[in-house]
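This report refers to the structure that appears directly beneath it.
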Amino acid sequence: MSASDAQATNAYWGRSDLERAIGRLPSEQREVLLLREVEDMSYAEIAATLGIGEGTVKSRLARARVAALAHYRGHAGENSDE
């Protein structure tokens, strides 16, 4: 396997692990995370879109990031203490 094939394989599996981690989030956290990170919406835009307060957006986003990262690290074999 060439170096570029190895990089492509690692990128594929890394994305799969990340998708799995995001998929395991509660829907309220997942939607806020995707709106922020994929759609690049501001906190105010997300709040208006979902009909919730900006504080709620921020807390859901923080919880989503922590949970997704913990799940991703667990499946990627990383130490969560790093």
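Near Leu61: Cβ cut-off under 14 Å, other residues only, Lys/Arg at +1 and Asp/Glu at -1. The net charge is -1. For a modelled paramagnetic label at Ser16, 7 Å from Cα along Cα-to-Cβ, the residues of segment 44-76 in reach, with backbone nitrogen under 18 Å, are 71-76. Annotation: amide H-H contacts under 5 Å for Met41 (H modelled 1.01 Å from N, sequence separation of 5 or more, or interchain): Arg36.
Bear in mind these aren't lab numbers, they're just calculated from the coordinates by the rules spelled out. Everything numeric in this text was worked out from a predicted model, so none of it was measured. Heads up, the Cβs are rebuilt from the backbone with ideal geometry, glycines too, and the neighbour counts pull from every protein chain shown.
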